[in-house]
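Worksheet for the structure shown next.
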Amino acid sequence: MNLTTSLLVTGFVLACLAAGVWWVLRNPAFSIGQITVGGDTTHNSAASLRASVAPKLTGNFFTLDLSAAQAAFQSAPWVRKAMVQREFPNQLYITLQEHVPVAHWGEGDSELVNQHGEVFEVGDSGADEGRIPRLQGPEGQAPVVLDMLRQLEPLVAPLDAHISALTLQARGNWVATLNRGAVIDLGHGTPQELAGRVNQFVGTVKEVTARHQRTLDSVESADLRHAGGYALRMRGVTTVRGDAVPTAPTVRR
């Protein structure tokens with residue numbers, strides 16, 4: 001008799017629990033009724049994010065997969081990270097962190113590099129980021145190229161110039177383009193070796209151009225791969241610069 005009673009009571013309790021769970025899962029009061037978006041929304045409005053992401057969310061307040069919801073918001077253009085929090089009884093609060101672009105990546109405008117060296121896609125909306133430099137290199141090397149840019153950029157500042165493009169070629173050769181238009185072949189090597197070549201170039205190029213009645217704006221290219229010097233090409237003039245005295249210029253027609 002006692003065993004039968006215990007089984008009946010246990011069954012009744014389990015039935016009540018099941019009914020309660022069913023009620024929670026089906027009760028519209030716990031359906032996600034409001035999504036609040038905060039944080040960085042410079043490139044995405046809160047309204048557009050709710051409209052694009054909400055259809056991807058399944059479940060109610062209790063059954064919603066927060067990891068899936070986070071991934072859905074992070075799939076939106078410009079969104080780097082999303083933190084999703086439940087707010088009882090039927091709300092979600094989303095805190096966004098957007099990518100901060102510091103450079104273009106590759107030849108087009110659809111890919112950018114953020115301050116962490118991460119490449120992200122933005123489609124045509126990246127076209128207005130035209131004043132940032134352009135980086136290129138093998139796949140997965142964006143952090144390396146960005147780090148090199150940050151090391152070389154201060155070195156060209158004495159020329160009142162900045163690096164508008166930096167490329168890491170497949171064989172490890174570095175090529176920089178200044179905003180004045182000069183293409184600088186840096187060669188390959190450690191960051192310290194490249195910095196030494198750039199410092200030599202920056203420290204002497206004004207003297208070389210002045211001797212040939214030219215300005216820095218006349219420099220078309222420089223090849224820094226020469227031991228102890230560099231080859232410099234100005235409009236109509238080519239020189240080879242050593243540690244102290246340049247050789248006689250060779251005019252290319």
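Restricting the search to segment 74-98, which residues are touching a residue at least 40 places away in the same chain (Cβ under 8 Å) and either touching a Pro at 6+ places or on another chain (Cβ under 6 Å) or open to solvent by less than 20 Å² (accessible area, probe 1.4 Å) (or both)?
Residues satisfying the conditions are Trp78, Leu92, Ile94, Leu96, Glu98.
Considering (1) modelled with pLDDT under 95; (2) buried (at least 17 other Cβ atoms within 10 Å of the Cβ), say which one Val251 fails and leave the rest.
Exception for Val251: condition (2).
If Ala29 satisfies all but one of (1) of a type outside the set (D, E, K, R); (2) modelled with pLDDT under 90; (3) closer than 20 Å to Gly123 by Cβ, what's the number of the condition it fails?
Going through the list (1) of a type outside the set (D, E, K, R); (2) modelled with pLDDT under 90; (3) closer than 20 Å to Gly123 by Cβ, Ala29 breaks only (3).
Any idea which of Ala103, Ala54, Ala71 is open to solvent by 50 Å² or more (accessible area, probe 1.4 Å) and either among the charged types (D, E, K, R) or outside any loop (DSSP other than H, G, I, E, B) (or both)? Explain how you work it out, then say what you get.
Working: Ala103 fails: open to solvent by 50 Å² or more (accessible area, probe 1.4 Å); Ala54 fails: open to solvent by 50 Å² or more (accessible area, probe 1.4 Å).
Just one listed residue meets the conditions, Ala71.
Return the residues of segment 169-183 that are touching a helix residue (DSSP H, G or I) at 6+ places or on another chain (Cβ under 9 Å) and either more than 15 Å from Leu135 (Cβ to Cβ) or surrounded by fewer than 13 Cβ atoms within 10 Å (Cβ to Cβ) (or both); say none if nothing qualifies. Walk me through it before giving the result.
Step one: filter segment 169-183 for residues touching a helix residue (DSSP H, G or I) at 6+ places or on another chain (Cβ under 9 Å), giving 174, 176, 178, 180-182.
Within segment 169-183, Arg180, Gly181, Ala182 meet the criteria.
Looking only at strands (runs of 3 or more DSSP E) that fall completely inside segment 157-244, which ones have 1 or more residues that are under 20 Å from Trp105 (Cα atoms) and not polar (S, T, N, Q)? Full working, then the answer.
Values: elements: 163-168, 174-178, 183-187, 219-223, 230-234, 237-241.
Once the strands (runs of 3 or more DSSP E) in segment 157-244 are filtered for at least 1 residues that are under 20 Å from Trp105 (Cα atoms) and not polar (S, T, N, Q), what remains is 163-168, 174-178, 183-187.
Out of segment 153-168, which residues are under 18 Å from Gly137 (Cβ atoms) and out of contact with any helix residue (DSSP H, G or I) (no Cβ under 6 Å at 6 or more places or on another chain)? Steps first, please.
Applying the first criterion (under 18 Å from Gly137 (Cβ atoms)) to segment 153-168 yields 153, 163-168.
Answer for segment 153-168, where residues must be under 18 Å from Gly137 (Cβ atoms) and out of contact with any helix residue (DSSP H, G or I) (no Cβ under 6 Å at 6 or more places or on another chain): Glu153, Ser164, Ala165, Thr167.
The values are calculated or read from the model by the stated rules, or taken from the named source; none is laboratory data. Just so it is clear, the model here is predicted, and its values are computed rather than measured. No Cβ is skipped: glycine too gets one built from the backbone with ideal geometry, and neighbour counts run over all protein chains shown. Each accessible area value is taken on the protein alone, full model and side chains, heavy atoms only, with ligands, DNA and RNA left out. Shrake-Rupley method; radii C 1.70, N 1.55, O 1.52, S 1.80 Å.
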